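Student: My questions will all concern the structure given below.
No value in this document is a laboratory result; all are computed from the given coordinates. All values reported here derive from a predicted model rather than from experimental measurement. Here the Cβ is made from the backbone with ideal geometry for all residues, glycine too, and neighbour counts use every protein chain on show.
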Amino acid sequence: MLTKRFLALPLLSLAACAPSPNIAKTATEDPRNAPSETIATNKVSAENLAKWRRDNPSWYAAVEPFRIIGEKGAGVYYVGTEGLGMFFIPTKDGHIVIDGGMPDQGPMVADAIARLGYDPKEIKVLLNSHAHLDHSGGLADLKALSGAQMIASAGDRSALEGGFYLGSEDEDFLNAPPVKVDRIIADGETVSHGGVTLTAHITPGHTRGCTSWTMNSRQDGKTYEVLFFCSATVAANRLVNPPQYEGIVEDYHKTFDKTRDWKPDVFLANHPGFFGLARKREKQKAGDALAFVDDQAFGKFITTIEGWFKDGLRKQTEAAAP
């Protein structure tokens, strides 16, 4: 299991693991969750959203929501688009959502959940992979709709609540609607709700608080480990001169060291192209109930992404040389 291998990794890449807290823990019980003084105003413009839509049509292309893995009425469901991965986990006590897509996609995620036969107002837990507008953008609308508890890492809290891209605060086209974080999650801590437990793995670099999540899902009497990987691409990040944030290169290296040997049964990510959603979904519709099960998929992916990172670092370093 990934979690067991994770605990065996070098101490350099680990933080102390606290006992598994229940989501009902209040801010006063844990000083990390003290309320923020202020939440920023929403600075997302209709003009910038229209440009994102024009430049990234796959991010808005509809996909019929469906169950990826798990028994009917449980498990993990896809509620994203062709280009952006959002995930829904129903439970008997209300539901869990991971990521909200773009700033205008909260209602789309809610509609996908309704089409699956669930009430989006019964979302109780909102999780985020990382604080970039294409994954955090819809969270504020989903929180307003449901009153769900927003749980995120300390490293991404400022960007989530400030509605900005850390290190590029003046780039208004990267703004997202601010969302209040109700609970801070640390490396190795868990979120438990309705019989489902997700473990947070801080995998920084892509953002300072990039958070990957794991959980178990049962299907046909067998348990499968599911990984929702945050990201490790360079994307719009500056690695040098000056770095997007202090320590970013070291963080990428920590994440590659930490994840290199992970072998989840089901690898998912916030961009479906990373895990071959279209191809696997076709196999699933053709009758392969375990189309998304492949414990070799993540290893191949992370090796490729590490190569991309090394190439990006080399190019940026060369460009910055006098």
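Student: Just to check I understand the Karplus step: with θ = phi - 60° and J = 6.51 cos²θ - 1.76 cosθ + 1.60, what whole-Hz values come out for region 130-137, glycine and proline as x?
Tutor: 6, 8, 10, 4, 7, 10, 9, x
Student: Rg (Å, one decimal) plus Dmax (Å, integer) for the alpha carbons of region 57-174?
Tutor: Values for region 57-174 (Cα only, Rg and Dmax): 13.9, 46 Å.
Student: Show the residues, 5+ positions off or on another chain, whose built amide H is closer than 5 Å to the amide H of F66.
Tutor: Sorted by chain and number, the residues that satisfy this are Y78.
Student: Compute the Cα gyration tensor for region 145-193, then decide on rounded, prolate or oblate, letting a ≥ b ≥ c be the square roots of its eigenvalues: rounded whenever a/c is under 1.5, prolate when a/b is larger than b/c in the other cases, and oblate in all that remain.
Tutor: Here region 145-193 falls in the oblate category.
Student: Could you tell me whether region 100-152 comes out rounded, prolate or oblate from its Cα gyration tensor? Rule is a ≥ b ≥ c as square roots of the eigenvalues, rounded for a/c under 1.5, then prolate if a/b exceeds b/c, otherwise oblate.
Tutor: Verdict is oblate for region 100-152.
Student: Based only on Cα atoms, what mean projected area does the convex hull of the chain have, in nm²?
Tutor: The Cα convex hull of the chain, projected and averaged over all directions, gives 16.3 nm².
Student: Å³ per residue of the Cα convex hull, for region 238-278?
Tutor: Expressed per residue, the convex hull around the Cα atoms of region 238-278 is 87 Å³.
Student: What FRET efficiency comes out for D261 versus F173 if R0 is 35 angstrom and r is the Cβ-Cβ distance? Round to the nearest 0.05.
Tutor: On the way: r = 38 Å, r/R0 = 1.08.
Taking R0 as 35 Å, the efficiency between D261 and F173 is 0.40.
Student: Could you pull the Cα extents of region 175-322 along its three principal axes, largest to smallest, in whole Å?
Tutor: Projected onto its principal axes, the Cα set of region 175-322 covers 60, 36, 30 Å.
Student: Relative contact order for the chain using alpha-carbon pairs under 8 Å, separation at least 6, rounded to a whole percent? Each step should come with its number before you reach the end.
Tutor: On the way: 672 pairs, mean separation 54.1, N = 322.
Relative CO of the chain lands at 17 percent.
Student: Let me ask another. Quick one: which residues, 5 or more positions from Y224 or on another chain, have an amide H under 5 Å from its amide H? H modelled 1.01 Å from N in the peptide plane, none for Pro or chain starts.
Tutor: S217, R218, Q219
Student: Right, another one. May I ask for the percentage of alpha-carbon pairs in region 214-287 that lie more than 21 Å from each other?
Tutor: Tail fraction, whole percent: 44.
Student: Here's a follow-up. Using 1/(1 + (r/R0)^6) with R0 = 22 angstrom and r between the beta carbons of N216 and T304, what's the FRET efficiency to the nearest 0.05?
Tutor: Working: r = 26 Å, r/R0 = 1.20.
Step by step, r from the Cβ atoms, then E = 0.25.
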